[in-house]
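Undergrad: The structure is given below, and queries will be raised subsequently.
The values are calculated or read from the model by the stated rules, or taken from the named source; none is laboratory data. This one's a predicted model, so the numbers in the text were calculated from it and none came from an experiment. Glycine gets a Cβ as well: all are built from the backbone with ideal geometry, and neighbour counts include every protein chain shown. Remember, those area values only see protein heavy atoms, side chains included, never the ligands or the DNA or RNA. Shrake-Rupley method; radii C 1.70, N 1.55, O 1.52, S 1.80 Å.
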Amino acid sequence: MTDYPPQNSIHPSPFAQSPPAFPREDHSIHEPAMPLETIDDTEHGFDKEKRQSLGWFFWCCVVYFALNVFVALFANHLHLTDPYLTTATNPNLPVNGGPTSANWFGTDELGRDIFSRVLYGARVSLSIGFGAITIGFLIGGTLGVYAAFRRKKIDAVLSVSMYTILAFPAIIFLLAFTAIWKPISLNKIIILLGIASIPAVYRVIRGSTLAAGSREFVMAAKVQGASDFRIIFKEILPNILPTAISFYMIGVATLIILEGALAVLGTSVPPPTPSWGNMINEGISYINSPNTGVGPWLVLFPGLAFCLLLLSINYIGDKLREHFDVTEGKL
Amino acid sequence: MGKYLLRRLIFLVWILIAVSIICFMIIHLLPGSPSEAILGTGWTPQGAALLNKQLGLDQPLIMQYLTWLGHVLTLNFGQDYITQTSIASTLKVALPPTIELVVLSQLISLGLAIPVATFAALRPNKLFDKLANLGSFGLLSVPTYVIITLLYIPITQWLNVPNSGTASYVPMSQGLLTNLESLLIPIVALSIGSFVVYFRVFRADLISTLQEEYITMARSKGISRRRILFRHAYRPSSVALISTIGVNMAGLVTGTFIAEQVAAVPGIGSSLVGAIFQPDYQLLQAIVLVTATIVIVVNFGLDLLTGYIDPRISRD
């Protein structure tokens, strides 16, 4: 990965470098002015410094995230233990065994290696997260740009229908549809979650297209007689890209959590497919019976895998948003 | 306010109609005839004929919908042909534990988030604020189902709280204390999940409110900090918090369903998952309808509340 372009190339504004004529009200929480307590002046230089570099933790998250993607793509080339190998084929496997040198994360109730299942589980989470949000962006994003650009009737109709869907509690309807659309599979889950994400993407993209579309350079392009195609792709899209990228990342994290919830309830990708949610679902029954002597590793490692991946995605999304965030007051 | 109320009310009715149509269609979207879906494995030609007559399934679709809607509006969800009980009585048993979980976790998380966020916002970027901010950002990435599974060992084995394991649910009628003990893990897990969200939103909003000029003005007049907070800062800042409660409802419902499933609480979530696996489409339909309606109506109430707290919203 190369460095991100400096923000000035994204938001070409002649005023970007010069200080504002009037110190405007700034609601950014990263720049606390003077609440009830006094703050020493050194805090004020902090914000500018921060936006130049993304910080070492950001790159840790990027590396961890890239590692997950790598594992998800190449899990079957890594010479891992077969994640489907159970005591049914090899009775010598330890059942519910603790972490050992052979099974780093222990084994589950069928003697399957948890380490290998956690690594394979990255496939399900990442393909669902990225697949579904991509569907959401392709449909919701396109509609959002179109509605904000055309306005009038089409915008009103689309917005009312999107807000209607948005008012639905998604998980309840997702559960209902997993019950109806049997047998459930990875592709069906991606499609269902993708559809569920459309209204949220629509709202964000429509909002930022509206904001970008009312800027002076878009009006200038319109006055010069630029085609709609040109205005959308050359003027508006580059300006909503930062918002879109960070919302894309946050969407991935949200959908991974949602898929995990479906899996923990047992209605996502059917077992024995290794997925983190499925592993937690299977592990719960063992955690719950305290006298079996089963340790916490059945749910600990898939849970940890969830947390670390989500943390890295959330942090990347949050940092990118912060990095690209040029509030009007700063222009 | 009147116009705002009317507009929100129209939207509410419209959404509820949309929800009812989708719930009605659940049975008809299934492969096979509705009688096959309702009777499941107990399907016989005679039973199907009887059912078609009873439920009016031989009528046109729109008539079926209106009849069904009429029944549902009078809370008559009909007979469950799989468990041979009335669906309304199933719901009556399943709703109280779910509502208890939701209400208690919301009270706890809000009761903690408001003072903690205030404390952090009064000294932004100081040690406590930084730690709380960092901790809440980290916890934001921990889904409720991970929190709840990780809570089991500490609470049941290290702290040794009696009756707190799974499958130990005690209804409230058998003593409030044992009931709360049996729900301890789900309540703690749900409270943590909501607390993190509320803390972050309220802290951010309070910091920006405290930078407003009228706060400086009030401060320079010598008004006490307590009075500034309660009279001038909390009201504008609570708008974002209340809208967040509405947004958080979706996550809360998910978390509650999972907590019920994990802790074997016989609530709505457990019934829904049971209905999915049975499959019992009548029960599924009723639960989806009731839960969605409750969530939507609560959101409507929160909307009105924000309109009341900040009149600018309702005047718009």
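Undergrad: Less than 13 Å Cβ to Cβ from A:Ala179, Lys/Arg counted +1 and Asp/Glu -1: what total charge do the surrounding residues give?
TA: Once all neighbours under 13 Å are counted, the net charge is +1.
Undergrad: What is the distance, in nm, between label points placed 7 Å from the Cα along the Cα-to-Cβ direction at A:Leu237 and at A:Leu110?
TA: 4.5 nm
Undergrad: Show B:His28, A:His79 ordered by accessible area, largest first, where the area counts protein heavy atoms only and the probe is 1.4 Å.
TA: From most exposed to least exposed: A:His79, B:His28.
Undergrad: Can you tell me the length gained on complete extension of the stretch B:Met172 to B:Lys53, counting 0.36 nm per residue apart and subtracting the Cα distance?
TA: So the extension gain works out to 38.7 nm.
Undergrad: Estimate for me the total accessible surface buried between chains A and B (protein heavy atoms, probe 1.4 Å, no ligands or nucleic acids), in Å² to the nearest 100.
TA: About 4900 Å² of accessible surface is lost on pairing.
Undergrad: Filter chain B for me: DSSP H helices, axial length by Cα at least 20 angstrom, mean Kyte-Doolittle hydropathy not below 0.5. List them by residue number.
TA: Correct list, ordered by number: B:2-29, B:87-122, B:184-210, B:234-263, B:281-309.
Undergrad: Okay, next question. Using Cα pairs under 8 angstrom and six or more residues apart, how large is the relative contact order of chain B, in percent? Each step should come with its number before you reach the end.
TA: Numbers: 312 pairs, mean separation 82.2, N = 316.
This gives 26 percent for chain B.
Undergrad: With runs of 4+ DSSP H residues as the only contributors, calculate the mean residue ellipticity of the protein assembly as shown at 222 nm using -39,500 (n - 2.57) per run, divided by the residue total and rounded to the nearest 500.
TA: -22000 deg cm²/dmol
Undergrad: Per residue of B:114-123, how many C-beta atoms from partner chains lie within 10 Å of its own C-beta, taken as a mean? The partial results should precede the final answer.
TA: Working: counts 0, 0, 0, 0, 0, 0, 0, 4, 3, 5.
What the average comes to for B:114-123 is 1.
Undergrad: Another question about this same structure. Using 0.36 nm per residue, how much length does the chain from A:Ile139 to A:Ser53 gain when fully extended, once their Cα-Cα distance is taken away?
TA: Gain on stretching A:Ile139 to A:Ser53: 27.6 nm.
Undergrad: Give me the inter-chain shielding for A:260-272: mean count of other chain Cβ atoms within 10 Å, whole number please.
TA: 4
Undergrad: Oh, and also: Could you check the spin-label model distance between B:Lys221 and A:Val63? Points 7 Å from the Cα along Cα→Cβ, value in nm.
TA: In this crude spin-label approximation the distance works out to 5.5 nm.
Undergrad: Taking accessible area as the heavy-atom solvent-accessible surface of the protein chains with a 1.4 Å probe, which residues of region B:250-266 lose no less than 10 Å² upon going from the isolated chain to the full protein assembly?
TA: Residues meeting the cut-off: B:Ala250, B:Val253, B:Thr254, B:Phe257, B:Ile258, B:Gln261, B:Val262.
Undergrad: Right, another one. How do the peptides A:176-183, B:66-73 rank, highest first, by the average count of neighbouring beta carbon atoms within 10 Å per residue?
TA: Working: A:176-183: 17.6, B:66-73: 14.1.
Descending mean neighbour count gives A:176-183, B:66-73.
Undergrad: Rg to Rh for region A:105-329: what is it, with Cα atoms only and Rh by Kirkwood?
TA: Ratio of gyration radius to Kirkwood radius for region A:105-329: 1.09.
Undergrad: Return the distance in nm (one decimal) between the two label points of a simple spin-label model at A:Ala88 and B:Ile153, each offset 7 Å from Cα along Cα→Cβ.
TA: The two pseudo-label positions are separated by 2.9 nm.
Undergrad: Here is a follow-up. Rounded to whole Å and sorted largest first, what semi-axes of the equivalent ellipsoid does the C-alpha gyration tensor of region B:246-316 yield via the square root of 5 times each eigenvalue?
TA: On the way: eigenvalues 205, 37, 10 Å².
They are 32, 14, 7 Å, listed from largest to smallest.
Undergrad: Continuing with the same structure: Which of the trypsin sites (Lys or Arg not before Pro) across region B:207-316 are loop residues per DSSP, with 12 or fewer other Cβ within 10 Å?
TA: B:Lys221
Undergrad: Counting only C-alpha contacts under 8 Å and six or more residues apart, can you give the relative contact order of region A:160-316 as a whole percent?
TA: Dividing the mean separation by the residue count of region A:160-316 yields 22 percent.
Undergrad: Could I ask something else about it? Provide the FRET efficiency to the nearest 0.05 for the B:Ala88-B:Ile10 pair, computing r from the beta carbons and using R0 = 35 Å.
TA: E between B:Ala88 and B:Ile10, to the nearest 0.05, is 0.75.
Undergrad: Would you mind counting up the charge near B:Phe137? Only other residues with Cβ under 14 Å from its Cβ, with Lys and Arg at +1 and Asp and Glu at -1.
TA: +2
Undergrad: Hey, what's the protein assembly as shown come to in accessible area per residue, 1.4 Å probe, Å²?
TA: Numbers: 31100 Å² over 647 residues.
Spelled out: the 1.4 Å probe surface of the protein assembly as shown, per residue, equals 48 Å².
Undergrad: While we're on this one: Any chance you could check region A:159-174 for residues losing 40 Å² or more of accessible area when the partner protein chains are in, compared with the chain on its own (1.4 Å probe)?
TA: Residues losing area: A:Thr164, A:Ala167, A:Phe168, A:Pro169, A:Ile171, A:Ile172, A:Phe173.
Undergrad: With the full set of protein chains in place, find how many percent of the accessible area of chain B is carbon and sulfur; take the probe as 1.4 Å. Could you put the intermediate results ahead of the total?
TA: Values: 10310 of 15040 Å².
The nonpolar share, carbon plus sulfur, comes to 69 percent.
Undergrad: Among the listed pairs A:Lys153/A:Lys182; B:Lys3/B:Lys92; B:Lys130/B:Lys221; A:Lys152/A:Lys222; A:Lys319/B:Lys221, which are separated by more than 28 Å between their Cα atoms?
TA: A:Lys153/A:Lys182; B:Lys3/B:Lys92; B:Lys130/B:Lys221; A:Lys319/B:Lys221
Undergrad: Taking θ as phi - 60°, what are the ³J(HN,Hα) couplings along region A:257-274 by the Karplus curve (6.51, -1.76, 1.60), each to the nearest whole Hz, with x for Gly and Pro?
TA: Values per residue, Gly and Pro as x: 4, 5, 5, x, 5, 4, 5, 5, 7, x, 10, 9, 3, x, x, x, 3, x Hz.
Undergrad: Next question. Take the Cα coordinates of chain B, assign each an equal point scatterer, and use the Debye formula without solvent to give log10 I(q)/I(0) at q = 0.08, 0.12 Å⁻¹.
TA: -0.49, -0.96
Undergrad: What are the ³J(HN,Hα) values, in whole Hz, obtained from phi via the Karplus relation 6.51 cos²θ - 1.76 cosθ + 1.60 with θ = phi - 60°, for each residue of region A:53-69 in sequence order, with x given for Gly and Pro?
TA: 10, 8, x, 5, 5, 4, 6, 4, 5, 4, 5, 5, 5, 4, 4, 4, 5
Undergrad: Quick one: which residues, 5 or more positions from B:Asp80 or on another chain, have an amide H under 5 Å from its amide H? H modelled 1.01 Å from N in the peptide plane, none for Pro or chain starts.
TA: B:Thr85, B:Ser86, B:Ile87
Undergrad: Counting other Cβ atoms within 10 Å, keep those with at most 15, restrict to DSSP loop, and tell me which chymotrypsin sites (Phe, Trp or Tyr not before Pro) in region B:79-144 are left.
TA: none
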